[in-house]
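Here is the structure we will look at, set down as structure tokens.
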Amino acid sequence: MDCEKFIEEQIAQIKETVGQEKVINALSGGVDSSVVTVLGHRALGDQLRTVFVDDALMRESEPEQVVKIFADMGITVDLVDAQEEFLSALSGLTDPEEKRNAVTETFYSKVFGRLVKESGAKFLFQGTILTDIEETVAGIKRQHNILAQLGIDPEAEYGYTVLEPLKTLRKDGVRQVAKALGLPEEVAQRIPFPGPGLATRIVGQVTPERLETVRKATVIVEEELSDSGAFQYMAVLLNDKATGIRDNKREFAQIIVVRCIESVDARTATATQLSWEKLNCICERITQIKGINRCLYDLTPKPPATVEYI
Ligand code: XMP
């Protein structure tokens, strides 16, 4: 694929479609939305407002790191603190689908909907790629074109049109364009992280304390497995407790599951054969986290398991 040609064509097309209107996009730090952000800013400069919504479900320092990566490229990203709104929408929920819906609705119907209205934007960039469209058509995924699924017609509701400059590319093409645009390796090769963030890695209630626990475990798993070459790796907090012994006292504490998978497109996956030494090292570090006394490694392939836990 000729990346330079793709970039030139998209920039020309964006300029022509948008004219002098204002545009907005939400950046997650993932490779798709990052590429859209850089393409958009190359084409439109300050006509494009890029926001990063802090939904309280991000990994350690993720909001600040993403803002910094783009600042280093001369692109301003507005960090919007919506933590309270997401936490209160999730409060008391334990059902996986209800938790996912709470995150999606809070993002689109409340936080981002409000930002779009305030911005006066006539266009909105979305990082939809070809695989998203194919999987939505096949009924595998439900995340593409989420507004339509929520019964919202963006033009009628908010007066904006959705633009999807990456809809002809697959993931490997997006990664190539990311490199050609000068995005750092950590963005171009970033492992997948789901839209509903750490909420997909907490079974049971999502509270600030439980988020903090899974966030600490995630730091350890990512540090230990970043050179594993695996497709994806994560820590999951279960909704259960087990007995253990600490400082010669019995305690009843929480359980973290480590998941590390080999996959091509996340449609199927198998557990990575990590070395016993590596697993022991992860276990030792994770059980030092306050409130955790067991660490398990998940061997289950997809199917029958999914990658995430909710
Ligand atoms: P599952 O859990 O469905 O995950 O086997 C397959 C792949 O998709 C990612 N994933 C998501 N990505 N929004 C996303 O952008 C989501 O709601 C979402 N749910 C799962 C998951 O991390 C894995 O790579």
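The values are calculated or read from the model by the stated rules, or taken from the named source; none is laboratory data. Quantities reported herein were computed from a predicted structural model and do not represent experimental measurements. With ideal geometry, Cβ positions are generated from the backbone for all residues, glycine too; neighbour counts draw on all protein chains shown. Remember, those area values only see protein heavy atoms, side chains included, never the ligands or the DNA or RNA. Shrake-Rupley method; radii C 1.70, N 1.55, O 1.52, S 1.80 Å.
Can you name every residue in region 272-294 that is buried (at least 18 other Cβ atoms within 10 Å of the Cβ) and either in contact (Cβ under 8 Å) with a residue 60 or more places away in the chain or within 16 Å of the ligand (Cβ to nearest atom) (or both)? Quick ask: steps written out before the conclusion?
Of all residues in region 272-294, those buried (at least 18 other Cβ atoms within 10 Å of the Cβ) come to 272, 274, 282, 286, 289, 292-294.
Selection gives T272, I282, I286, I289, I292.
If you scan region 198-221, which residues turn out to be over 16 Å from Q288 (Cβ atoms) and open to solvent by 20 Å² or more (accessible area, probe 1.4 Å)? If you could, list the steps in order and put the result at the bottom.
Let us first name the residues in region 198-221 that are over 16 Å from Q288 (Cβ atoms), namely 198-211.
Across region 198-221, the qualifying residues are V203, Q205, T207, P208, E209, R210.
If you take the residues of region 121-145 that are assigned to a loop (DSSP other than H, G, I, E, B) and at pLDDT below 85, which of them is farthest from R267 (Cα to Cα)? Spell out the reasoning first.
To start, the set of residues in region 121-145 that are assigned to a loop (DSSP other than H, G, I, E, B) comprises 121-122, 126-129, 138-145.
Restricting the remaining residues to those that are at pLDDT below 85 gives 138-145.
Working: A138: 12, G139: 13, I140: 9, K141: 10, R142: 14, Q143: 15, H144: 16, N145: 19 Å.
Among residues in region 121-145 that are assigned to a loop (DSSP other than H, G, I, E, B) and at pLDDT below 85, the one farthest from R267 (Cα to Cα) is N145.
Any chance you could count how many residues in region 100-115 are closer than 15 Å to L57 by Cα and either open to solvent by 50 Å² or more (accessible area, probe 1.4 Å) or free of Cβ contacts under 8 Å to residues at least 24 places away in the same chain (or both)? Can you show your working first?
First, the residues of region 100-115 that are closer than 15 Å to L57 by Cα: 100-107, 111.
With the extra rule that they be either open to solvent by 50 Å² or more (accessible area, probe 1.4 Å) or free of Cβ contacts under 8 Å to residues at least 24 places away in the same chain (or both), the set shrinks to 100-102, 105.
Qualifying residue count, region 100-115: 4.
Only helices (runs of 4 or more DSSP H) wholly contained in region 163-265 count here; list those with 3 or more residues that are touching a helix residue (DSSP H, G or I) at 6+ places or on another chain (Cβ under 7 Å) and under 24 Å from D55 (Cβ atoms).
Ranges flagged: 171-180, 208-225.
For the condition more than 16 Å from the ligand (Cβ to nearest atom) and under 30 Å from T17 (Cα atoms), what is the one hit in E224, E185, E155, E212?
Details: E224 fails: under 30 Å from T17 (Cα atoms); E185 fails: under 30 Å from T17 (Cα atoms); E212 fails: under 30 Å from T17 (Cα atoms).
After applying the criteria, what remains is E155.
Please report, ordered by residue number, the strands (runs of 3 or more DSSP E) entirely within region 1-99 with at least 3 residues that are open to solvent by less than 10 Å² (accessible area, probe 1.4 Å).
Working: elements: 23-26, 48-54, 77-81.
Qualifying strands (runs of 3 or more DSSP E): 23-26, 48-54.
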